[in-house]
Amino acid sequence: MATVAADQAVADTIADTGTINLKRDLQVILASSLGTVFEWYDFFVYITVAQIIATTYFPASSPTAGLLNVLLIYGAGFGMRPFGAAFFGVLGDRLGRKFTFLITISLMGLATAALGFVPSYARIGIAAPFILVGLRLLQGLALGGEYGGAAIYVAEHAPREKRGLYTSFIQASVVGGLILSLALVLLTTRIIGMAAWNSWGWRIPFWLSILLLAISLWVRFQLKESPIFQAMKAAEQISGNPLRESFSSARKCGRILAAMMGVAAGLTVIWYTAQLYALSFLQFSLRLDDVSAWLLILAGAVISLAWFILFGWLSDKWGRKIPILVGYGLTLFALFPLFHLMADGANPSLANALRTSPIIVTGSNCQYNPFAKVQGTQCGRVLDMLAKRGLPFKVESSAAMPDASIVIASQNVDFHDKAALDAALKAAGYDLDRKPPRGSWVQIILALMLLSLLSGMTYGPVAAYLVELFPARVRYTSLSIPYHIGTGYFGGFLPFITQYMVARSGNPYQGLWYTIGVVAVAFVVLLVALPETSGKELD
């Protein structure tokens, strides 16, 4: 009798899933979204304070090398996401959606809080950066299981005709994590001041993860298991080996590979370019003060929330592929113009100097390694000096010129004479310490808003699309692995790759070519290798 009653309860839940139940739907969306906000907050707060972490844990490095080391560790955390996706994907397909993302949120919250307690290099030496790396790897492992669980949980509750809209809140909650991290950073600096912030206050946002973890766990404990998972469990249809079943045929492997490249990689490089590349572009390339840069990115991120939800809703009407393909196409044509629009608003004199009076370094064997403590040639040492000051440059190799030279606005400048170099830079319009006037914020925010539009078009529909691409028995595993390989490697290493390209080339726009290349490949793969899924019933 008890078994019959249990089976009937599951059947009633499944039957109710296809209808709109406002109270249930709001609870499901709110609980899943809040947990995702807090988990991504934990991950983004690290990049927000990257420059301070560089000086705290890599003091012996040059500023450029220290920042690159921090970004490399940031990427290493993302590099663990596919392993977390495989491990937690199997748990999610065998033990349940709710159980799994309770584990992932706990692991993420504890690892993030621990980051705030890691002693500096000055106190414990080389052990400090190793501990930092270990905690970042734990964060990446946890994050690999989070997104799939939240997206699937919401999609498996959503009415078929509203699946894109419902899951778009999961997409928006990723941005919510960035917004929360920036908001708490700004609030903390306002309360304690920049001096205390740079000394010890940057640890406070990490410590707050304990409070956010407690809230996340309380909210998620209120949830019931996904009705589709309950039905599979009652029918004894749980996969015995989700990982092997996900890759059991060439067709399944092809679908996972296409989802990784055509969906996950393309959308994530657009989002990271619109937020993280834009932040470093404002701070390091355009030389805006930190507070102004944080406020501008915060404004752009808030605006982007509406785009995510709008295009999730539109994907229920137009299909999943159309908004993503249009977003890819517009990115290929609009990315460089939008960053130039941002530069002209944030630091017009510097943007104009880059066009009209570039810093040209000439010499033989102009090899520059941002990680080297001492460059091997005079030309390399000149480039290192310019990079440490955040100055853009162009290189013209000349075997006939053994000694390096700097030309600014057609005038040779003695790079040994700092005063002469500073005077030449000022005369050419290189404004290297800038707080933009409020009037120019409109132009910068417009550029960020249009960048977030591209991100919303490609990111808003994707949770519903990925859920619909894979069968319920192995959905957690089959969705999570391609998503976290695409986002973890192509997106997670984007800050490091793009900043390395900028450092090596001296061109602040150089890193955008990485985004263009990945998006071009994603456009072709999505167009030819993946089907439309909107309106599909979830088995």
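Brief remarks on what is shown
- Matching option when the condition is touching a Pro at 6+ places or on another chain (Cβ under 7 Å), aromatic (Phe, Trp, Tyr) and over 17 Å from Ala151 (Cβ atoms), among Tyr41, Tyr57, Tyr46: Tyr57
- Only a single item in (1) more than 30 Å from Asn369 (Cα to Cα); (2) modelled with pLDDT of 75 or more is not met by Asp42, and it is number (2).
- Taken as a whole, the condition of being of a type in the set (A, V, I, L, M, F, W, C), touching a strand residue (DSSP E or B) at 6+ places or on another chain (Cβ under 9 Å) and touching a residue at least 40 places away in the same chain (Cβ under 8 Å) does not apply to Leu325.
- Failed item in (1) of a type outside the set (Phe, Trp, Tyr); (2) out of contact with any Ser or Thr (no Cβ under 9 Å at 6 or more places or on another chain); (3) part of a helix (DSSP H, G or I), with Ser32 passing the rest: (2)
- Filtered by the rule that a residue be aromatic (Phe, Trp, Tyr) and either at positive phi or in contact with a Pro (Cβ under 7 Å, 6 or more places away or on another chain) (or both), region 278-294 gives a lone residue, Phe281.
- If you go through region 498-530 and pick out every residue that is without any contact (Cβ under 8 Å) to a residue 60 or more places away in the chain and either part of a loop (DSSP other than H, G, I, E, B) or surrounded by 20 or more Cβ atoms within 10 Å (Cβ to Cβ) (or both), you end up with 1.
- Restricting attention to region 461-484, the residues that are at pLDDT 85 or above, in a helix (DSSP H, G or I) and among the aromatic types (Phe, Trp, Tyr) total 2.
- Residue in region 142-161 that is closer than 16 Å to Phe311 by Cα, β-branched (Val, Ile, Thr) and either surrounded by 18 or more Cβ atoms within 10 Å (Cβ to Cβ) or at pLDDT 85 or above (or both) present: no
Quick grid of which residues meet (1) assigned by TED's automatic domain parsing to the domain that holds Leu453; (2) surrounded by 15 or more Cβ atoms within 10 Å (Cβ to Cβ); (3) under 33 Å from the mean Cα position of the chain (by Cα); (4) outside any loop (DSSP other than H, G, I, E, B):
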| residue | (1), (2), (3), (4) |
| --- | --- |
| Phe333 | yes, no, yes, yes |
| Phe336 | yes, no, yes, yes |
| Met342 | yes, yes, yes, yes |
| Arg355 | no, no, yes, yes |
| Pro370 | no, yes, yes, no |
| Gly380 | no, yes, yes, yes |
| Met385 | no, yes, yes, yes |
| Glu396 | no, no, no, yes |
| Ile406 | no, yes, no, yes |
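- Region 62-98, subset surrounded by fewer than 24 Cβ atoms within 10 Å (Cβ to Cβ) and without any contact (Cβ under 8 Å) to a residue 40 or more places away in the chain, residue farthest from the chain's Cα centre (by Cα): Leu95
- Of the criteria (1) assigned to a helix (DSSP H, G or I); (2) at pLDDT 85 or above; (3) within 15 Å of Gly262 (Cβ to Cβ), which one Thr487 fails: (2)
- Among the residues of region 182-189, none qualifies, meaning not one is over 22 Å from the mean Cα position of the chain (by Cα), among the hydroxyl-bearing types (Ser, Thr, Tyr) and part of a loop (DSSP other than H, G, I, E, B).
- Test: Ser239 is modelled with pLDDT under 85, not in a helix (DSSP H, G or I) and not β-branched (Val, Ile, Thr): yes
- Selection of first residues in region 196-223 that are more than 19 Å from Trp40 (Cα to Cα) and of second residues that are modelled with pLDDT under 85 and surrounded by 21 or more Cβ atoms within 10 Å (Cβ to Cβ), restricted to Cβ pairs under 6 Å at least 6 apart or on distinct chains, gives the following pairs, ordered by first then second residue: Leu223/Ala31.
- Members of region 408-424 that are surrounded by 13 or more Cβ atoms within 10 Å (Cβ to Cβ) and at pLDDT below 80: Ala409, Phe415
The values are calculated or read from the model by the stated rules, or taken from the named source; none is laboratory data. It should be emphasised that the depicted structure is a prediction, and the values quoted were computed from it without experimental measurement. Counting neighbours? That spans all protein chains shown, and the Cβs are built from the backbone with ideal geometry, glycine included.
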